[in-house]
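Structure first, commentary second.
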Amino acid sequence: MSEPTLKDKTARGILWGGLSNGMMQLLNAVFGVVIARILSREDYGLVGMLAIFSTIAASLQESGFVSALTNKRDATRHDYNSVFWFNVSVSVCIYILLWFCAPLIAHFFNEPRLLWLSRYAFVGFVVASLSIVPRAILFKQLRVKEQSITSLVALLASGTVGIVMAVNGMAYWGIATQSIVFVLFVALLSWYFSRFRPSFDASFRPIKEMFGFSVKMLVTNVFNAINNNVFSILFGRFYDSDVVGVYNQANKWNTMGSQTITGMVQSVAQPMFVEVGSDMARQRQVFRKMLRFTCFISFPAMLGLALVSSDFIVMLLTEKWLPSARILQMLCVAGAFMPITTLYTNFIISRGKSDVYMYNIVSMGLVMILLLCGLHYTKASLFGVTGIPLMVMSYVALAILWLLLWHFFLWREIRLSLWKVLHDLLPFLVVALVAMAVAYFVGRGFSNIYARLSVRVVVAIIVYLALLWLLGAKILRESLNYLFRRHGKG
């Protein structure tokens with residue numbers, strides 16, 4: 001049997017990544033709906049306040065070595081062993097530190113319940129450290145199928161545990177346990193599929209060799225964690241757990257939507273760019289094709305979620321979560337561009353430019369924190385919009401505008417002009433906006449939310465695909481041809 005080509009491996013990776021992320025988000029949605037109907041906004045807010053600490057701890061334990069191992073073409077078993085023991089050691093040390101910091105965390109948010117909840121929830125990232133190297137092996141080898149199975153099984157197990165605990169009145173303890181069970185199953189199955197078995201054949205030499213690259217990835221991942229959780233921190237500090245719960249519920253559904261597309265891109269992008277090598281013309285060709293595919297999927301999916309957000313929230317979660325709908329609408333606009341940002345960052349990382357990646361993320365994080373704090377303390381207003389809505393709108397605008405800076409660094413590497421990127425991106429954005437506008441006006445004739453949501457979804461899909469077909473969109477035809485060809489082989 002002949003070796004699969006890069007194109008075949010990429011297509012299979014995208015297909016499995018799409019199926020995996022789609023199934024994961026569907027299961028996540030089912031479990032999320034059931035649990036959200038049982039628990040209160042305050043329960044979600046309490047766990048949401050801890051998200052920043054868990055995410056930063058996870059970044060410290062991983063220390064950027066997954067990307068470093070992926071970029072290292074000649075990684076050996078000795079390298080993997082060394083990184084494994086380093087990750088586990090760092091994780092244990094961080095957990096001990098956070099155990100003693102728990103009273104400070106509870107005091108910062110003025111919430112005594114966070115003392116023991118934080119000490120319990122942080123166990124998860126110690127468990128997660130066991131899976132870092134096995135996941136790096138699967139990622140480097142583009143074994144998306146095995147990664148998909150791992151995530152799906154872990155989600156099924158953790159979601160079941162979360163529902164059982166919620167039904168039995170364990171409230172926020174159930175949400176924390178759900179996260180721990182998820183990373184436990186990811187660790188077990190990653191070990192099984194990767195066949196990685198650690199030994200004591202380890203040293204600091206591989207750590208030192210990769211440290212220059214990985215430390216920049218570490219700093220970047222920490223600021224990524226801050227960027228992704230800045231609202232939970234600020235809302236928890238400025239307001240209360242109920243407000244954090246409202247925001248986190250909106251952000252959860254936005255993340256689930258954008259992560260479906262981002263996961264498809266991220267599962268193949270960095271390894272694929274590394275494999276392409278230094279051929280600039282081929283790099284431009286591959287990047288533009290990935291960009292068109294990302295826009296083709298991301299814009300209709302996320303703008304569609306924004307379109308039906310109010311009916312979606314009320315129908316699935318009941319009216320107690322309706323305040324999340326307006327925030328979800330705004331976040332979905334940023335979510336539509338998030339997979340594109342992921343494509344840019346994966347390319348930058350694949351070129352070994354971890355310093356560029358780091359400076360960009362750190363700068364954006366600092367600008368965002370200053371902007372949001374400034375809006376809060378100055379009580380700013382824009383066209384009558386104030387407070388939380390203005391803060392979220394400002395974040396969305398910043399996230400989209402920052403793409404221009406990412407593009408500058410891409411242009412420095414492969415001389416791909418902004419005009420060509422806009423030529424690839426804008427048609428899908430315009431067609432998606434037209435499809436959503438048509439679906440919105442058609443749906444206004446229905447008073448029943450179930451009928452209105454269903455009609456808008458169906459109309460949006462039909463109009464979007466019909467317009468792309470009439471415009472001769474090549475990516476639509478290629479996607480259909482690949483799917484039918486795979487179906488025929490099956």
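The values are calculated or read from the model by the stated rules, or taken from the named source; none is laboratory data. The structure displayed is predicted, hence computed values, not measured ones. Cβ placement follows ideal geometry from the backbone for every residue including glycine, while neighbour counts extend to all protein chains displayed.
Residue under question is Ala399, and the condition is that it be in a helix (DSSP H, G or I) and farther than 16 Å from Leu343 by Cα; does it hold?
Answer is no for this residue.
Inspect all residues belonging to the stretch 267-275 and state whether any of them is among the aromatic types (Phe, Trp, Tyr) and either touching a Lys or Arg at 6+ places or on another chain (Cβ under 6 Å) or at pLDDT 90 or above (or both).
No, the stretch 267-275 contains no residue that is among the aromatic types (Phe, Trp, Tyr) and either touching a Lys or Arg at 6+ places or on another chain (Cβ under 6 Å) or at pLDDT 90 or above (or both).
Tally the residues that are small (Gly, Ala, Ser) and closer than 14 Å to Asn87 by Cβ, restricting the search to the stretch 172-210.
3
For residues that are small (Gly, Ala, Ser) and under 18 Å from the mean Cα position of the chain (by Cα), scanning just the stretch 277-303, find the one that is farthest from Val438 (Cα to Cα).
Taking the candidates together, the pick is Ser298.
Note down all Cβ pairs under 6 Å where the first residue falls in the stretch 429-449 and is in contact (Cβ under 8 Å) with a residue 24 or more places away in the chain and within 24 Å of Leu476 (Cα to Cα), the second is charged (D, E, K, R) and part of a helix (DSSP H, G or I), and they're at least six residues apart or on different chains.
Qualifying pairs under 6 Å: Ala439/Arg456.
Out of (1) more than 21 Å from Pro339 (Cα to Cα); (2) buried (at least 17 other Cβ atoms within 10 Å of the Cβ); (3) within 28 Å of the chain's Cα centre (by Cα), the odd one out for Val458 is which?
(2)
Quick one: is Ile349 of a type in the set (A, V, I, L, M) and closer than 22 Å to Tyr247 by Cβ?
no
Take the stretch 174-197 and flag every residue that is in contact with a Pro (Cβ under 8 Å, 6 or more places away or on another chain) and surrounded by fewer than 20 Cβ atoms within 10 Å (Cβ to Cβ).
Trp191, Phe193, Phe196
Mind listing whichever residues of the stretch 110-122 are part of a helix (DSSP H, G or I) and farther than 15 Å from Tyr172 by Cα?
Answer for the stretch 110-122, where residues must be part of a helix (DSSP H, G or I) and farther than 15 Å from Tyr172 by Cα: there is none.
Restricted to the stretch 464-479, and to residues that are assigned to a loop (DSSP other than H, G, I, E, B) and touching a residue at least 40 places away in the same chain (Cβ under 8 Å), which residue is surrounded by the fewest Cβ atoms within 10 Å (Cβ to Cβ)?
Leu471
Looking only at residues that are among the hydrophobic types (A, V, I, L, M, F, W, C) and part of a loop (DSSP other than H, G, I, E, B) in the stretch 163-212, which one is farthest from the chain's Cα centre (by Cα)?
Filtering the stretch 163-212 for residues that are among the hydrophobic types (A, V, I, L, M, F, W, C) and part of a loop (DSSP other than H, G, I, E, B), the one farthest from the chain's Cα centre (by Cα) comes out as Phe200.
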